[in-house]
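Notes for the one structure printed next.
The values are calculated or read from the model by the stated rules, or taken from the named source; none is laboratory data. These numbers come from a predicted model, not from an experiment. Cβ placement follows ideal geometry from the backbone for every residue including glycine, while neighbour counts extend to all protein chains displayed.
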Amino acid sequence: MRDYAPMETGLTAQKFGPPQVSVAGDMGLLVGFGVRYDPVVNAAVLAFDRAFCRASPAGVIETVPTFCSLLVRFDPLVLPFSRLETQIEALLAQEDWYAAPPESPARRWVLPTVYGGARGPDLGRVADLMGLREDQVIDGHSAVTLRVAMLGFSPGLAYLGQLPEVWGFARKTRLSPEVPAGAVLVAVRQTVLPATPIPTGWYMIGQTPFRAFQPRHKVPFLLAPGDELRFEPVAQSRFNAFDQATFLSGAKDGDVEGNSGG
Amino acid sequence: MSGLEILSIAPNATVQDQGRVGYLRYGLCGGGAIDGYALAEGQALLGNRPDDAALEFAGFGGRFRARSALWLACSGAEMTLAVNGAPRPWRQGFPLSAGDELTIGAAKNGVFGYLHVAGGFLGEVVLGSRATLLRAGLGTILREGMVLPVGARAAGVDSGADSQGDIVPLGLRAPDYFARRRFRVLWAPQSRLFSPEVQARILAQAFTVSSARDRMGMRLDVSPGAGLQAEDGLTVASDATNLGDVQITGDGAPVVLLADRGPSGGYPRLLTVISADLGALAQVPSGETIGFDLVSRAEAVDELAKFRRKISALPGMAQPVVKDLRALTDLLAHNLIDGAIRGDEGDDDDD
């Protein structure tokens, strides 16, 4: 994986574009901004999604932003394919979406996390892969402010980008049948944070008691693409004492630090 | 407690309705009945609302006992059906009295069968639906011993009340899609990652439906060496999956993605089955051979319109069957009861 340095805005469209609109089933159009994850591409997806949703035409069912593309699901018997295509093409032409600066994050999260031990069974393996000591891995991982690139795979699961190049090792060759909700999973310079138990091929280096999916609450999904997030190493006792309601009530002005005392 | 008691039930049975809309961007799949036409048949037979919930069986049903007087109907893939040991016809309303025992056995001509109750099965509505999603702990997890509460019937439903005001069961003719083995498709956006040779092959080749299947997807077997690998490796950056996408897994075998699929995925997708055909495809029994036919998006949209018209027509197609079903049960074989549906319902099964 390449590490893209900040780039001159005039060059971005040539580097990644132009966006492509494809038929995605008989109820969908896919707007592709690139084929490989890159923060610039992902920011283009999110900026275009926000603009599209502001003027969402009747007949659009939902949009699904991911790493590199936006799926627009719609009812073709209400909104004909050709009309939606024209609208999407017009909006694409309105600006250089690759030059859209990432919007300031809606929220900044600091999530208490226990690294290693039973809650991070793969920490030692990851330290070996990186040629570091376990405490260096923890320091490195918790020092980086990550951004939610997309949600997907299972309810509330967040893909977080992007760790430095040294985290570019591949996923495991064998699946773990199940890791718990809140598992902190790493590989290919990304961190994955599932909100329900999932099978996975990623390395589990820690766990947070925070749950991004709370189906019976008024706000069922707490994370959104564009949010910033940092993991804070804590002792097992802080994990055990964690109370999600208290944590969320500590959120002020969009910054969610919880009741992090230490 | 009134309702329907579960005496035993297949582990893959779920509660389903029209599913959840608008949560794909959060990683939550839509769920809902795999065979949407069958769901609508049950609503038509009982005068239910479109979003009333039913039980969905995948291959095998269960045993139940009425804890109160209930009206029920079955739809979708035909399964063996008996009340207190006496066979009952599929796709017809029938009453149960408190204490009556209902047995639903194995599917005969398809996979997904449905048990509907007048008023719908109740249960917690989470994010707009009662649908069970086992792996996320949503909806009712069906278990032996559980009594499923039943809702009030929709107002103004006469369910074919006769001149004396008695309720007369309604019946529907079996649709013809269970015999279908060819399904219409569009190219998926990632079809470009496959060579022209592989693109040609997936349309020419016949596939055997594997028994590795569930509500997430159905795997199609390929013979060794006949895999459909993408040129650019096994995986792509995860993006949104569509209902009906034909994804090519690492070993080159296609998997058709269904209602409980992961809303995003990193395997390249070669085709998308059109909306009008997906329910029928999901009903093909394991071991059967299927194939794909490419259509234009205009044809796919026309077929969607036709499919929706058929569903809208179902309430009008449901016709009263013989008046006193109970008295006749022992006399009538299944075919005879089918014959007792009036012959003038019209026939819109034109594919």
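Observations, loosely collected:
- Scanning the range A:89-113 for residues that are in contact with a Ser or Thr (Cβ under 8 Å, 6 or more places away or on another chain), hydrophobic (A, V, I, L, M, F, W, C) and assigned to a strand (DSSP E or B) gives A:Val110, A:Leu111.
- Subset of the range A:47-89 (residues that are away from chain B (no Cβ under 11 Å) and either over 17 Å from A:Gly28 (Cβ atoms) or in contact (Cβ under 8 Å) with a residue 60 or more places away in the chain (or both)): A:Ala47, A:Arg50, A:Ala51, A:Arg54, A:Ala55, A:Ile88, A:Glu89
- Flag for A:Pro112 being assigned by TED's automatic domain parsing to the domain that holds A:Ile205, in contact with a Lys or Arg (Cβ under 7 Å, 6 or more places away or on another chain) and either under 23 Å from B:Thr241 (Cβ atoms) or modelled with pLDDT of 95 or more (or both): yes
- Considering only residues in the range B:235-249 that are part of a loop (DSSP other than H, G, I, E, B) and within 22 Å of B:Leu203 (Cβ to Cβ), the one that is nearest to the other protein chains (Cβ to nearest Cβ) turns out to be B:Asn242.
- Answer from A:Leu79, A:Leu46 - the residue that is assigned to a loop (DSSP other than H, G, I, E, B), of a type outside the set (Asp, Glu), touching a Gly at 6+ places or on another chain (Cβ under 6 Å) and in the same structural domain as A:Pro18 (by TED's automatic domain parsing): A:Leu79
- Filtering the range B:173-222 to residues that are small (Gly, Ala, Ser), farther than 29 Å from B:Gly76 by Cα and out of contact with any strand residue (DSSP E or B) (no Cβ under 9 Å at 6 or more places or on another chain) leaves B:Ser195, B:Ala200.
- Within the range B:253-272, considering residues that are at the interface with chain A (Cβ under 8 Å from one of its Cβ atoms) and in contact (Cβ under 8 Å) with a residue 40 or more places away in the chain, the one nearest to B:Leu228 (Cα to Cα): B:Thr272
- The set of residues in the range A:151-183 being of a type in the set (Ser, Thr, Tyr) and within 12 Å of chain B (Cβ to nearest Cβ) consists of A:Ser154, A:Tyr159, A:Thr173.
- Evaluating B:Ala276 against the criteria (1) within 12 Å of chain A (Cβ to nearest Cβ); (2) among the hydrophobic types (A, V, I, L, M, F, W, C); (3) under 20 Å from B:Tyr114 (Cα atoms); (4) assigned to a loop (DSSP other than H, G, I, E, B) leaves one unmet condition, (4).
- Failed criterion for A:Val186 (all others in (1) among the β-branched types (Val, Ile, Thr); (2) away from chain B (no Cβ under 12 Å); (3) surrounded by fewer than 24 Cβ atoms within 10 Å (Cβ to Cβ) hold): (3)
- Contact map, the range A:157-186: first residue within 18 Å of A:Gln207 (Cα to Cα), second residue of a type in the set (Asp, Glu) and at pLDDT below 90, Cβ cut-off under 9 Å, separation 6 or more or different chains; pairs are A:Gly161/A:Asp38.
- Residue match in the range B:88-111 (condition: within 14 Å of chain A (Cβ to nearest Cβ) and out of contact with any helix residue (DSSP H, G or I) (no Cβ under 6 Å at 6 or more places or on another chain)): no
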